[in-house]
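The next block holds one structure in the form of C-alpha cells; read it before the comments.
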Amino acid sequence: MSNNRGYLDMELLRFSTAGSVDDGKSTLIGRLLYDSKSIFEDQLEAVEKASKSRGNEEVNLALLTDGLRAEREQGITIDVAYRYFATPKRKFIIADTPGHIQYTRNMVTDASTADLAIILVDARHGVLEQTVRHSYISSLLGIPHILVAINKMDLVDFSEDVYKKIKEDYQKMSETLHIHNTVFIPISAKLGDNVVKKSDNMPWYQGKVLLDFLETVPIGHKLISEEFRYPVQYVIRPISDQFPDFRGYAGRVSGGRIRPGDSVKVLPSGQTSTVTHITQAKEELKEATAPLSITLQLADDIDISRGDMLVKTEERQPQVEQDITLDVCWFNETPAQVRNKYIIRQATAETMGIIRSINFRRNINTLEKEQGVTELKINDIAEITLHTANPLVFDTYLQNRVTGSLIFIDPDTNETVGAGMIK
C-alpha cells in the first residue's frame, strides 16, 4: 500500500515534442518507451512484426507512437498522440505533435498544458522554418523550459562542430524571440545515444542525457496565479424542502486558495460577501486550492450566475474589460477577418465578440511583424484587438493559463476556429 501511495505522489511532467517532418520525434518517444521498459510485450511483438513487413532490419521504434493508419502509410505524424510512461523518479505524459506546417494548430492545442517542450532538430538540416515556428509557439504559450534535441548525430559522424553550429544558430534566433531556459543535447534516437544512456560516440558532450534532464528539470513554475480565482460553473439551488435556504456555487479553483471566513468579491458585478462553507462531494473542507472542484457557500444571498468569477477582496484583482489585446493562432480554413463576429469562451464565461483590428501578423520566416493585415488564414499567428459584448474577467496568459486564455467559436457551425492568449 505504501508503494502505491509513493507512486501516486510522484511528480508528473507534461512535455511536448515538435519539429520538422522526419526529424525523429516518433523514434525518440519510441526509444524512451523502449529503454524505460514502458511498453507491453504484445506491443513490442506487434512493432517487430510491422518492422519486418516494412523491410526494416531492426525494430522501428517510431511505430510505437505512429498509431494512426494514415500516419503509417504516409510516414508522417498528422495528429497529437499522447503517451504515458514512468521511471522510479517521475511520471510523464508525452504529446507527439505534428511536424507538417499545416498542423501547427495541433501543437498550440497540445503545448498549452506542457511544462517543457522538446524541439527536435535534424543534425543534417539544422534550424528550419518549423524549428522557428515551434519555438515561437512554445515561447508564446509560456512554456518555461525548452530542450533542443539535436537528433541523427550518427548521420553526421557525431560531429561536435555540427552540434556547435546548430546551437549557435538556434541561440541567435531565440534571442530575437526572447526565449530563455534553453538546453541543448546531441542525440541519436535511432541508436539510443544520449537518450537514456551516455553516448560513447560523443565524449565531447559533458551534459546530462535526455532522460536524466526530464527527471530533474524543475516543474514548480506557475501555470496559474497565486491569487484566488474561481470561475463559477453552476449555481446549486434548493433541491428539496429539507434545505430551502441552500445555495451553493460549483466550480474549479483556477488559482490560489480559499478558506471559510475569507472575504470574496463577485466579478464583474463587484458585490462582496464571505465564504461560510467549502464542500467537495459531501465532505466539508477547511481549505481548497487549485485545481480542486468544489462548492462554495456565501454568507449573503447575492446574484451570481455561470461565468461570474469569485476572487479574494484583499488580493491582486483581475482585469474586467470589453476591449482585449491578445495573441491568436487561427485554426480554421475559413479566414478570420476584421469585423467578423464569434462566440468567445473564456473560463466559464461565454459572450459574443468582434475582431476590432489585426495589429500584426508574425512572419515565422523572418520573425518580422507584418502590418496592414486584413485577415488571418489557417495556422497564422497574430496579435489582435477583440471587443466583447459583455465584460470579461481575466488575467494575462502568463499570469494564469486558465483565466488568461480563450477560444473563438463559429456561431454558425459551432466549430472552435481559434485560440487566444491574453496580453
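The values are calculated or read from the model by the stated rules, or taken from the named source; none is laboratory data. The shown structure was predicted, so the numbers you read here are calculated from the model rather than taken from an experiment. When we count neighbours, we look across all protein chains shown, and the Cβ atoms used for this are built from the backbone with ideal geometry, even at glycine. Side chains are part of the model used for accessible areas, which takes the heavy atoms of the whole protein and leaves out ligands, DNA and RNA. Shrake-Rupley method; radii C 1.70, N 1.55, O 1.52, S 1.80 Å.
Quick check: anything in segment 325-332 under 27 Å from T176 (Cβ atoms), part of a strand (DSSP E or B), hydrophobic (A, V, I, L, M, F, W, C) and touching a helix residue (DSSP H, G or I) at 6+ places or on another chain (Cβ under 7 Å)? Yes: one or more hits. Counting the residues of segment 364-376 that are loosely packed, with under 13 Cβ neighbours inside 10 Å and at negative phi gives 5.
Applying a threshold of 6 Å to beta carbon distances and a minimum spacing of six or more residues, or different chains, the list of pairs starting in segment 362-376 at a residue that is modelled with pLDDT of 90 or more and assigned to a strand (DSSP E or B) and ending at one that is open to solvent by less than 50 Å² (accessible area, probe 1.4 Å) and among the polar types (S, T, N, Q) reads E370/N363. Inside segment 233-252, residues that are open to solvent by less than 20 Å² (accessible area, probe 1.4 Å) and at pLDDT below 95 make up a count of 2. Scanning segment 157-194 for residues that are in contact (Cβ under 8 Å) with a residue 24 or more places away in the chain, under 23 Å from the mean Cα position of the chain (by Cα) and at negative phi turns up Y170, M173, S174, T176, L177, I179, T182, V183, F184, I185. Note on segment 137-151: among residues that are open to solvent by 10 Å² or more (accessible area, probe 1.4 Å) and in contact with a strand residue (DSSP E or B) (Cβ under 7 Å, 6 or more places away or on another chain), the one that is nearest to R31 (Cα to Cα) is H145.
Of D169, D200, D161, D154, all but one fail to be open to solvent by 10 Å² or more (accessible area, probe 1.4 Å), assigned to a loop (DSSP other than H, G, I, E, B) and of a type in the set (D, E); the exception is D200.
Which pairs have Cβ atoms under 8 Å, sit 6 or more apart or on different chains, and link a residue in segment 287-309 that is under 10 Å from G251 (Cβ atoms) to one that is among the aromatic types (F, W, Y) and open to solvent by 30 Å² or more (accessible area, probe 1.4 Å)? Partner pairs satisfying both residue conditions: R306/Y234.
Looking only at residues in segment 333-354 that are part of a strand (DSSP E or B), of a type in the set (G, A, S) and more than 12 Å from H387 (Cβ to Cβ), the one that is least open to solvent (accessible area, probe 1.4 Å) is A336.
One line per residue, one yes/no per condition, for (1) open to solvent by 30 Å² or more (accessible area, probe 1.4 Å); (2) under 17 Å from T403 (Cβ atoms); (3) touching a His at 6+ places or on another chain (Cβ under 7 Å); (4) at pLDDT below 95:
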| site | (1), (2), (3), (4) |
| --- | --- |
| S273 | no, no, no, no |
| E287 | yes, no, no, no |
| D300 | yes, no, no, yes |
| D308 | no, yes, no, no |
| D327 | no, yes, no, yes |
